[in-house]
Each structure stands twice: as C-alpha cells, then as structure tokens.
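Every read-out reported here was derived from the displayed coordinates using simple, explicitly stated rules and does not represent laboratory data. Every value quoted in this text rests on a predicted model; they were computed, and no experiment measured them. Cβ: placed from backbone, ideal geometry, glycine included. Neighbour counts: every protein chain shown.
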C-alpha cells in the first residue's frame, strides 16, 4: 500500500474540500494507494501524538459543496519556522523540517500534496529541495499567481462581492448615498476589479493603481450634479492614495500604519469628508464572508481538476511541480517558477480598459 | 379623478417596492383613482418645486423583486421638524406640517399612505390629528412592533444573516476560530435570535438579555476543552453587558458611548481577550448588507398584502389606521395604539426557550 | 438510560434534518436520555437486522443546513400495511404493528417521535391507540394542515418556486411568450398562490378554484392586445378546469386520468392552443427541485422549534399529541384532531383577495 | 452624430443586457455616437412602422443584473428568410436583406452590432458580404464555439444546473432514488459535463459520447450493491445511446423522433426499467430555468468586456469581425472563421479525464 499525504495551509478558500475530495476519488481508482490527511497543514504531522487520518471515499462524500477544509488549516509558520514559546513568554521559532521528513518516512508516506498559497508553496519548494516527494496545488483567493489562468476560490469571492454590490446599489439609490465596499486584495486588486465591473460600480480602487482623492471627489460630485446622487465605490483592502497621503491635506488623525480590517474604507470616507465631499457616505466591509460558504460551480470544477491532476502527478513522479490551469488544459509547472511570478493587475490590461470603457473611475 | 399619495420614510427595507407596487396595482382596479409618489418621504411635497410623480402600472412593473424604494427615502426630520440651516452654520428645525397639508389639498390629494417605521407613524398620527386622511403601513426590519405578527423585510434580513452564519461556520471550523457576527437590532434582538437558531450559533447576545462576559468565556472555553475549537457568536448591535461594563474588569480603552458600526463586536472581542480568552477571534459586521437586495418570497407576499390592504382602507375611509398581519388575516389597527406597543424579545418566550433548548447560550 | 426513537416518513421536505438535530440537542441537555434514529421511517425497526442507530450531538452537527433526512424516508405503507410480495409476483400487505411495538419494547424504547405527513400521523394515532408513547411532528410541504399556522419546508418551496418565476419572467418578456410554471400542490394551492403573488404572475391556477379556459384565454389575449405580449402562469399540479373538461371543447387527445408530472402544464398549454390562443407557450415543471436543498432560515427556525418541543412533550408524557405553531407560540394538539383538519385555500380568504387585488387572475 | 444599431437574436441567454449596457456606456464616452436598439433582432428594422429606440445611459442603468434582453429577441428567420403567410395559410419566406440595408442607410445607421448565436452570425457574415458594417458578438449558452475560450451565459447555466444537482442529491439520498436531471446541450455537452463534476454526479451523458444502457445499469446497480442506493444522472438533451437504440432491447413505445423537452430523461428512465433496473427513478427537466435570471459575476464581466470591445471594433472599422475571449485578452476573429468552428467535448480532453478520474461514468 502506498500513501499520499494531503495538507491544506493558509487562509480559508472555497474549493479546498473539492480538491481534497478529488485527490481521494482519483486515488480510489488505483488499487494500492491510500490518502492520509494531516490536520491543520503539517501541524498534524509535527504534533505528538500526530493528528492524521485516513481519507476514504466515505469521508469525502459531499464535501465539495462545503466551504472550509475538513482537515483544517492554519496560518502558523510551518516546519521551517515552528513557533515555540520561550520561558519569558516571548516567541521564537525552530526548524523542524528534518524531523518532519523523518516522521513522514516513519509513517510510510510516499508523497505529499500541499494545497496552499504563496507561503505554503515556498515551504513545498524547500521541502522538495530536501528530497521530499511533494506536489503543490495553488490556493490564492486573490488570483495573484501568473503561472495559472485562474485559481479556485476566486470566482466565489468575486460572486460574493458582486452580490454585495447588488444589495448596496438599491440602498444607495434610495438614500442618495455613497456606499463604500471594502473587499479582499492586499497586493492584487482582481476581486475589486471584477466585482466593480460585474456590479456596475462607479469607482474602483486597487493597490496597483494609486488613487488621487480629488479625482474621486470630482467624479462623485459630478454624479450629484447630474442629479444621480448615489454611487458605489469598491475598494481593495490594499488600495493606497497616490502620495501615500491625502492630496493637499494632512491626515494626522488616521494613519496608514496598522490599519485594521475596514480601516481602508473608513479612511477613504474620512478623507472624502475632510476635503469637503458633502453627501452621506457609509462603509461596508465584506471580510470573512468572502472566504466562506458554498463554492460556485466554476471553482468546484477547477478545484476538482486540480485535485485529480495533483494525484496524477504523484503517480507520474513529477515532484517539485505545481498544478496549473492553462485553458483548456490542466498542466504542471515547476514550483520554483510558480512562486516567483505574482499576477498583479496591469494598469493597461484589457480588463482595466473594459472597466474604464464602461465609465468606472480608478481615481487616477 | 381621486388621488392617493404614497411616501416611504426611514431606513431602507426589503419589500418597500412591493408595497408601492401593490398600492398601484390595487388602485388600477378602481376606475377613478390615481397614485402619486412623493420623493424621499414628504420631502417631495415640501420642496420647491415639488418632487412628486404619477405612479402607474408601467412604472411599478417588476419592482417587487428589487430592494430599495423607487420613490426614495430619508431619515430626515419630517414636516413637524424640518431642518433648516441657520446663518451661523448651526441647524434648527421648523414645523411645516400646516404648509404640507395645504400643499396636499392644493395638489388634489385625497388620501396619503405613509410607509415607514416608528418615527414615520408618529408623524402619521400627528398629521391624522390635524385632519389629514392618512393610512399607515408599518416598516421595521427589526420586527419590533407588537400590533402585527410580522413586518416585511424582517425575514429577508434574517435570511441574509443566516447565510452569513453559514459562510462563517466552515471558516471557523477550518481555523479553530471564534467568529463574531454583528447583526442589526438596536433595541430588539429578533434578527440575532432567529439567525442564531437558523444558523446553529453557540452564543446569541441581544439587547433584552444583558450578558455576563465570564459566562460567554466559560461557554467558549468548554467547547475548546471538548476539542471543538470553534464557535459562532451572533451579537445584536444593541447588546449590552450585564452591569454596563465588563464584569470585574474596567474597560477604559473602549467605552460604550458613541460606538460606531462594528463597535459592539469589537468590544466583545477585546473584552474576551482582556479576561484571558486565548483562541483566535475575528469579527464580521453585516451592516447595510441586511437592508438591501431582493426580498425573500415571504416578505414580497406580506408587503403585497400590506399595500393592497392600505389602498382598501383608503377606499373605506378608515383613516388614522395602520395595516397589520394577524395570521391568517390582514387587519388594521389604530395608529395611536400601534406606535405605543413595541415588540421586544421576552427572555422566557417560546423562541428563547427553543434556543436554550438546542444549547444556545445568551451569556446570562 | 431512557430512549426516544425518531423516524421520518413520507416525501422529502426541507427542514427534516433541523427537526432531528433539535430533538438530539434538546435531549442532550437531559442527563439520562438517548436518541435513536430508525432508518426510513419504521422500516428500520421492522427489518431484520434492524437498521437503527444512536444519534448524538456529533452525528447531527451541521445537518440543519442540509436538505433531506439523515435517517432516510420512505413512501411505503408503514407497519399497519407492510407490503409483501406474493409467490405469484403480486403484492399484498400485512399488519406488523404489534410486532413493531414488541420490538420497540425489546429495544428499550420509551417514546417515539414520528415526523411525517398526513399518512404518517394517521399511523401515529393508530399506534397511540395501541398504547405506544408517540408524539407527532407535522411535515407537509403543501402547508395543508389547519392545526398549525405553518409547517416547515413550505417557505423553502415557495422561495424556490418564486425564484423560478423570477427566472422565467425575463425570458417571457424577451421572447413575448407565455410561460407556464407547474408547482406542487395536489389538493392545496398554497405554494402556487404564494409564488404567484411573490413573483408577480398574471394567472394562478389552484385546485380549490376550478378554472375556465376561456377566461384565461381572454386574460392573456388582453395582455397581448395591450402590447405586453408576455405572461407567467403558475399552476398547481392539482389544478382542474371547471367542468373537468375544457369549456366548450372536447379534449380527446389528452385525458385527465393518469396525468404524470408536468401533465397539467402541458394540458393547459395544449388546451389554450386548441381554443385558438396564438402566442408562443412553453412549460416548466419544478418537480423535485422544490423539495430539496438548503432550507430557508424561516423553515430552519420553525423546524428547530418543532423538534425541541417534541422532545419536551416526551418529557411531559403528553403522548398522542402533535406539535403545532400558533404564532408566537409552539403548542401541541391532539393527533386525532390534527389529522382531520386539512387546510385548503378558501376562495375568499385574505390572500386570494390580495392576489385578485393586484390583478392576478384565477381563471374563474 | 454617428449611429450604431444593436440587435439581439436567438434564444435567451444571461448576460445579453450586460453586453447592451456596455455598448451604450462605451459609446457614451465618444462625443458623437448614438446607440439605437432594434426590437427583436432585425425585426424592429423590417417592421412598419420600425420598432427601434435610442438607448442612452439612463435606459441601460442597472440592466446588467437582469436576465433577458431589454430590446427583445426572436428565433424567427431573419432578413434572408423572412417568413410570410401565404393566402392558403401556409408559410413561405422572402429575402428582405436588401430592403433592410437600405432602411439602415435611410435611418443613418453607420454600423451594426449583432449579438447572437450561430444562426445570427451566419446572417451577420452574409450582411457583411453585402457591404454592411457589422460586428458580431457571440451568444451561445452551450459554449460550443471554438474561437473563444468561453461565452457569456454559460457559467450561469452551469451554476443553475449545479444548484439543481445540489438540491436533488439530498432527496436522492433520503429516498434511495436515482434522480435524472436533463440539462441543455443539443450538440455539445459542456453544461452537463461541468454540472456533473461540480455537483458530484455518478453518471454524465453527453451527445459527444454515445452511451451504452447496460453500462449505466451496471454502474447504478453497483452503487446499490455497495449499500449506497442513490445516484444523480446528468443528461444533456442531445445525449444518444450507442447504436441509436437500447442495446439488445427494442424500444417501440418511445421513439427518438420528435422527442420533446424532457423526453431524453424519460426515455432513459423507461429504458433502464425495461432492462430490469429495479430502484426508484425520477426525472427533472431544467428547461427554461437555465436561460433566465440574474447572470453570475463571471458572465457579467465577460459580457461587459464583449460589449465594450464590440463598440471599439466599430470605432476601428474592423467590420466582419466577431469579439472573442482568449484569456486574458479580448480579441476579435473574422466572422467567417468563427461560424465554421464549433466546440464539442473531445472524449479525451482534460475535463473528461478529470470527470472519469473522480469516478463519473459516461456510460461508454
């Protein structure tokens, strides 16, 4: 009997369970393979006693419809930087990667499928360099990876953000308000960009295109002057003003450092009022609602393709690779390439051109 | 030709358009009636020039599916306390009710249907006492009116809050987190109570049952000790701790005064950490998402019943009354009674008993 | 240790799992009670070996969000008319009720909670008369029971039917078509009535109000003459023409006997064409889609109340009773009363009046 | 002032309104362009009086959220084969293309954007060859066009079909039934294939892979033997058995000719029973529900890109071309190429491999 260990790491993402199910269902077609789940990424391996369990077809029945991951996830440091509490209460980290590889051997694990984001795949590459038979499955709800056309979870987040815009639009119109919706996207503005187009927002602010507060002010004012006194602004959590500060205004009260969730929307609201925008402004922060719930069909299909392909890469012994989607094919790319090629919104890409074409302002 | 004026006031609420449509469709069956919409409650009447328009079947086609109100709404003071800006920049208010009644006569308005909440219906009663032919339609998303079994908009808000719990549950389980969801309910906890039961939350905090922080701490800790390290807490925006402060702990950093949207969830999170709760806690604030979007079928049916009945009360000349739902009948009650009978959650009502019965803690 | 057996019988209905979960969660608060699930109603008891299992909190975690029933259901005859295959291949039935009661005693079952419809509750009453400690929980997606304000599952079915109307409306308008939607309701037209109002249909045909084909023809034609060449007709599967046949037309091709699913919609379509209606007509049959999927919040709350109450009736020893909803209370009524009081749509009830008030034709 | 005429032809498809809105919003950014909508494809031009209207930003506000098309559509023959009724009641067709082109000139139309499927784009090509300045926008809910990665409407149909599977799954499991879901796809099985993977079906039958009834029987039986007595079968409306008839069985009662909507599902059900499959089987036909309703975010984004690009092709004078999606670019291809390259499911493509990999049977 051969064994493949599956682990999910990093932030929650709709489709994780569909990947796990596909690995298990695909492996069930081979006579001599068993799938083992490690609890909360590699923590399940490193803990004493280990927290791992066999995943058979029964244990994954129906999970592709559910958000989350049945084997848990974590944002902790991983085997190369395992956090330990010092006697004085402070925290250090130790490298437990050798120990983990030994444990995997001891447990008879022949290969590992690591489903996770940027950080997880860097760990995958390091483990691969140490000789571990590892395959990566990319997981980034922000879709910020250029080695694959799309990643699962992204369309679900876009759908949820778009439905939020749909809900806010009628309230904005009924009350003559500006409603600001803060969505995910610390470095890449894809969710904001898609939701702004799909929802028909007036303004879209993303990390890749720093905004000029005065431009936003003008745009919103012009709507009020035209007698359409309402607007939706979709802002990515990583959106930043052009000079890092409010144009022409010193903003001492609200700094950019340590902005918590919702801070970006509130800061924009505050700054707009500071420079004299008079209409009613309200903020909504989607937050964790974007990461949960039933994945849309698109993400379930993509996640299923990723999971089945990952197991096939194991069968083919193509370790050190990561599955990827190159329409209409599911392919694999070297992990080392994948983790070095982020996918940001190019300010002159077709999608931004479309957005500008239908009248969406980026505040630039 | 006789004319009935329709106005919607107060916060947005799913179903407003279905009420308006029902008034118009019902009136269209009488040969000699015309429906006029006043923009943003009575503001449309009081402005110069007036902002009113004829509402015919074409103008209301399909609107019952939409959130918001096609005739706009406002939270402003109304005719008895119309805000005016003084020369020094401060605000005062003047009574323009007589002027409004004269304007309505001048425009040939025979009756008024006022769709709105507590504040709006108090104005309706005052206008009625001044001789205006007015009918009220209750609108309170919080369902805090005892003269009617239910109000429209409430079930939509509950559905949205429940879907939010559904989304958060899988993330909470995957990450071993406590997720706090703040929902509407400043004085009445109905939305929180229904969503907690429907979503399967562990803790439900409502204004009517002040909570003891230590009780919540114990409850959540016990889950962690049982190995189920996750929980959903649904908190109404008006929930308060038992003594108005954190039990046994002085909370100077975060006061209760002027808590903005999301403050209640953040305060609970902060206070739990203060008394030593160790697990990961995150907050989500539903905010305006609860008020927007497509009404659920239940609310569309109820709103349609209210609208059709309101016009029939006009036909019958039963002014000074408000429509209400007493299953399975649509009835009317005197406005004067309706506005004085709020509907709070009784701590020993059947629904709270059910909640406790399935293991939901109210932190008391 | 005391034991209560739970069984679900009859057609699938959203909310069944929420009832089961509530029974289990409520029982978990009593120190000495265990809940046993019988597979596919009482079949699990009668089979050899028995198919029953203990239901603890872990086994019902999260099931309130799911459609269906985790303990299975069946439309078979029950213990009083257990089907057996004769040697010649035909079927007879035998009374196995005494055997079942003995088996329950042998298994140490102290009480039974039977969740089911009309047929199931008749069996409950018969078993009660034979001395079994039994409590009924009503389950009828058609809402056709007068002893309770509402039953769970109904609002979910209405919501699904309404969303179907929403989807069909835009196609009907784009293509200038008449679209007929067949929904559930063999004897009671509640689902059709609610969906027609919530969706804004032009025609609603229900079993309680036999329709005149010519009236429908006139109504639809008048829309075409007014230049609005489209309409939605919602028809309950049990709707019937006034004289049991098409007015003034002999319909030999399609008889009323043995109409299969969708037959009612197709017959209406065929008959309309027969009497000369010229526009494009298409039919859609919702069928099983109305019974499945995630229950709406309303049904989850009601089902949870029913489940918790049912167990409390067990504790109180109030056997022979059925839980019911009398807003805002959850009460109990004698089974004998409940099963004899169906709840049909009264042609002059408030809801039909509302429907007519907003221009919906019943074809009468 | 320059004028571009927009027309939508063929079956309804979610996203049509988003294309129209994008054309209008994009054109509004050019100082001298006006958009004209022709009612029901080119019928609006050919009728007397013409049925066309100016589309400005106000007339397209918010329509991207709605299904259908605000300018109507038709399945009629088009200008080259305009249907006319003969004196004897039969129908002929005439070529009115020259007349239409003259009328467009007379109306000052500088260019035409034709949004439509296979049939519409063949007409576009013919009109282009006659000298008309025409741009095509592909519309096929079946996604059966190889010149573009995806077409709008498809993901919405897949999402609706997947949600139907989700609803049926719990009923199938509760009742131990086989549920057959018939979805769109007369020649291409993409919708069935995606929905089967996303929903977790056991069997998927598509036009491109003829099925062997005995194989399906074996597969379903094996589930029953394993004690999992339920299954979902997703069947495309164009699915066919291997030899055009039931293997080894003559099916005289139900022929393949003139099968109406739902006939394919019913035939499969009938044939399975004929060869001895014993479990309970039920059919559901999605039908028009797949074409209507709110487009998913994916389709709104794609449709918006198509609309904006189509107008830009007009500006650039690239007539005789059709917009297309080549991730991540929106490009254009000659109409003549596009209409000759259908996109069928290759039996050995990656997606079919994935489906087989997770255990889905194609009955081959």
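What to note about this one:
- Per-residue shielding of B:154-167, expressed as the average number of other chain Cβ atoms within 10 Å of the residue Cβ, stands at 5.
- Normalised contact order of chain A, rounded percent, pairs of Cα under 8 Å and 6 or more residues apart: 23
- Taking B:44, B:238, B:62 in turn, the Gaussian network model of chain B (Cα-Cα springs below 10 Å) assigns the largest fluctuation to B:62.
- Point-to-point label distance, residue D:110-residue D:76, nm (Cα→Cβ direction, 7 Å offset): 3.0
- For the stretch B:64-173, averaging the sequence separation of C-alpha pairs within contact (under 8 Å, six or more residues apart) and dividing by the residue count gives a relative contact order of 15 percent.
- Helix D:118-129 axis, angle to chain D major axis (alpha carbon atoms, nearest 10°): 30
- Cα gyration tensor shape of the stretch A:8-76, rounded if a/c is under 1.5, else prolate or oblate by comparing a/b with b/c: oblate
- When the Gaussian network model of chain D links Cα atoms closer than 10 Å, the mean-square fluctuations of D:36, D:20, D:134 top out at D:36.
- Share, in percent, of DSSP beta bridges within the stretch B:79-141 that are antiparallel, nearest 5: 45
- Distance between the pseudo-spin-label points of residue C:50 and residue B:59 (7 Å out from Cα toward the beta carbon): 6.9 nm.
- Rotationally averaged projected area of the stretch B:102-220 (alpha carbon convex hull; nm²): 9.8
- Over the stretch D:291-363, Cα pairs under 8 Å with separation of 6+ residues give a relative contact order of 17 percent.
- Relative exposure of D:191, B:330, judged by other C-beta atoms within 10 Å (fewest first): B:330, D:191
- Degrees, to the nearest 10: C:213-225 long Cα axis against longest axis of chain C: 60
- Cβ nearest the rotation axis (A onto C), residue from chain A and distance to the nearest whole Å: A:294, 4
- Put in order of Cβ neighbour count within 10 Å, fewest first, the listed residues A:33, D:190 become A:33, D:190.
- Spatially, the stretch D:154-207 and the stretch C:93-157 are offset by 34 Å when compared through their Cα centroids.
- Anisotropy class of the protein assembly as shown from Cα gyration tensor, a/c 1.5 cut: rounded
- With both residues required to sit in chain A, DSSP beta bridges show an antiparallel share near 30%.
- For the residues of D:354-362, the average number of beta carbons from a partner chain within 10 Å of their own beta carbon is 6.
- Rounded tilt (10° steps) of D:97-106 against the dominant C-alpha axis of chain D: 50
- Beta bridges assigned by DSSP with both partners in the protein assembly as shown are antiparallel in approximately 30 percent of cases.
- Chain C: most fluctuating residue of C:87, C:225, C:143 per GNM, C-alpha cutoff 10 Å: C:87
- Distances between copies of residue D:59, taken at a point 7 Å out from Cα along the Cα→Cβ vector and listed shortest first: 2.0, 6.1, 6.4 nm.
- Computed from the C-beta positions of residue A:278 and residue A:364 and an R0 of 22 Å, the FRET efficiency is 0.40 to the nearest 0.05.
- Shape category assigned to chain D from the gyration tensor of Cα positions, a/c cut at 1.5: prolate
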